[in-house]
Ligand SMILES: Nc1ncnc2c1ncn2[C@@H]1O[C@H](COP(=O)(O)OP(=O)(O)O)[C@@H](O)[C@H]1O
Ligand SMILES: O=P(O)(O)O[C@H]1O[C@H](CO)[C@@H](O[C@H]2O[C@H](CO)[C@@H](O)[C@H](O)[C@H]2O)[C@H](O)[C@H]1O
């Protein structure tokens, strides 16, 4: 196919003519993290022509662009967040691609051409798969694969509101294209690769990926291709369906507990584990307390509950002081029901190992107590129960218990035995959710606030547990 002939020229001169278009378009993307602050400039990190852009046919431009915004935390020496863009360039945009239009270039070498979101153009989306099928370097980009991938798989872009962008190819593979780019290996590649090498089938194994600056400290994972679990449903929707039908969900919750434990056991075997002794455990408690302070500033409705919530963190610090220790390992880091998929065969799979995208990669890649993931799912059962009227607290409680039992059976560790730590992580997550909902979905704020009231009113955990 002629489109596979790619060039790796770095069309740096193109950026100035694209800036006015990006100014308008980029801040309105769902995945743009800097909403609410003006964009003051763009700096090009890299530009690669995956298909020449100065021809009449479609061109494909891969850009890494740093977006400058006032008050934005710096990452390393360079200020501003870095984003991955895949831009199509055509002389004339066919009508079916009109919704993909970003704008027309006013001046420079591409004057008059239409620039658009390339992922929505099947020709260009196919070309990206073609690059992954035939690995190797293209300019600063490096493409890898672990198995041979069939050609001719029809692409479709997933229209879910997401933190990243995903393309499904022939219902056989899904390519996640990371949008906000951080230097270093992305855990969403690193962990599924480690799990697949360890023989853990709970996580779709990466079959191809691409990165920039391979092997360099500023190198970064840009996209990962993995098998698409056709016909699977996510755990959040399944839980809501069960609630709506007045159905018990404990069998599913139990199986999900088992699946989580299997993933944790495989991660602990495949990657380093550590023991958190006094200083580190106290650091964990201090960090939780600091997040509570910051959250209370952002959402003053938390104020009356601060003493009760802080008690949960202090209990962990006290346990550490008394010589308590915790095992820590690589974990999912952002586990909730929406990150679980049940296949038509009834098996649970876990996806999206990126961790909390707002945190720096170094923090996300640090070993942490596995109960943190357990706490994430426990919060999710509570969320599901609260988002359905009437509130069915018993349903959530039964699911929470069944999940912990399943986890205990498969791992030999009952998360309920680490009562103080589990409560601290649940509290920390609920505090995070209050801020998240206040910012993104104010209608949902009562859900985590109900948990905040419950958690703040609980007596302090027995310091011996
Ligand atoms: N391997 C897969 N098989 C089937 N669907 C998937 C798979 N991976 C992701 N998805 C679907 O894509 C959606 C987004 O994936 P996710 O990894 O959570 O991306 P994001 O980081 O953008 O939230 C998921 O909610 C799920 O519905
Ligand atoms: O999936 P993301 O990494 O984008 O996570 C963010 O959005 C989630 C909502 O989509 C949010 O999760 C919260 O709401 C869920 C129901 O919609 C619930 O199942 C989770 O338990 C609850 O935390 C997540 O907190 C946020 O980081």
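Using alpha carbons only, how many degrees (0 to 90, rounded to 10) separate the axis of helix 235-244 from the longest principal axis of the chain?
Between helix and principal axis, roughly 60 degrees.
Where does helix 306-321 land angle-wise versus the long Cα axis of the chain, in degrees 0 to 90, nearest 10?
80 degrees
Measure of size requested: the Rg and Dmax of the stretch 268-324, with Cα atoms as the atom set and Å as the unit; please supply both.
That works out to 14.1, 44 Å for Rg and Dmax.
When only C-alpha pairs under 8 Å and at least 6 residues apart count, what is the relative contact order of the stretch 11-227, in percent?
Details: 435 pairs, mean separation 33.1, N = 217.
Worked out over the stretch 11-227, it gives 15 percent.
For the stretch 128-263, what is the convex hull volume of the alpha-carbon atoms per residue, in Å³? Numbers along the way, then the final one.
Details: hull volume 17.8 nm³, N = 136.
Enclosed volume per residue, from the Cα hull, is 131 Å³.
Normalised by the empirical 2.2 N^0.38 Å for globular proteins, what value does the Cα Rg of the chain take?
On the way: Rg = 23.4 Å, N = 465, 2.2 N^0.38 = 22.7 Å.
The value comes to 1.03.
Given the convex hull over the Cα atoms of the stretch 299-363, what projected area results after averaging over all orientations, in nm²?
Numbers: hull surface 30.5 nm².
Answer in nm², one decimal: 7.6.
Using per-residue counts of other Cβ atoms within 10 Å, averaged over each peptide, order 289-297, 388-396 from highest down.
Details: 289-297: 16.2, 388-396: 14.0.
Per-residue mean Cβ counts within 10 Å order the peptides as 289-297, 388-396.
Can you tell me the equivalent ellipsoid semi-axes for the stretch 186-339? Use √(5λ) from the Cα gyration tensor, largest first, whole Å. Mind showing how you got there, number by number?
Values: eigenvalues 196, 127, 67 Å².
Over the Cα atoms of the stretch 186-339, the ellipsoid semi-axes are 31, 25, 18 Å.
With everything on Cα atoms, drop me the angle between helix 278-298 and the longest principal axis of the chain, reported from 0 to 90° to the nearest 10.
Once rounded, the angle reads 70 degrees.
Give the dimensionless ratio obtained when the Cα radius of gyration of the stretch 327-464 is divided by 2.2 N^0.38 Å.
On the way: Rg = 15.1 Å, N = 138, 2.2 N^0.38 = 14.3 Å.
It is 1.06.
What percentages make up the Cα-Cα pair-distance distribution of the stretch 11-227 when the bins are 5 Å wide from 0?
Distribution as computed: 1, 7, 14, 19, 20, 17, 12, 6, 2, 1, 0 percent.
Express the relative contact order of the stretch 399-465 as a whole percentage, based on alpha carbon pairs under 8 Å and six or more residues apart in sequence.
Numbers: 37 pairs, mean separation 19.9, N = 67.
Here the relative contact order equals 30 percent.
Per the Kirkwood formula on distinct C-alpha pairs, the Rh of the stretch 233-457 is how many angstrom? Intermediate results must be reported in sequence, preceding the final value.
On the way: mean 1/r = 0.0563 Å⁻¹.
One over the average 1/r among Cα pairs gives 17.8 Å for the stretch 233-457.
Quick one: 436, 173, 425, fewest Cβ neighbours within 10 Å first, how do they rank? It would help to have the intermediate numbers written out before the result.
Details: 436 17, 173 21, 425 27.
If I rank by nearby Cβ atoms, fewest first, I get 436, 173, 425.
Please work out the Cα center distance from the stretch 330-369 to the stretch 94-160, rounded to the nearest Å.
28 Å
What number, in percent, do you get for the relative contact order of the chain if the mean sequence gap of Cα pairs under 8 Å and at least 6 apart is divided by its residue count? Display every interim value, and only then the final one.
Working: 878 pairs, mean separation 55.6, N = 465.
Relative contact order here is 12 percent.
In whole angstrom, how far apart do the alpha carbon centroids of the stretch 230-272 and the stretch 14-31 sit?
39 Å
Laboratory data are not the source of any read-out in this text; all were calculated from the coordinates shown. Note that this is a predicted model, so its numbers are computed, not measured. Backbone-built Cβ (ideal geometry, glycine too); neighbour counts: all protein chains shown.
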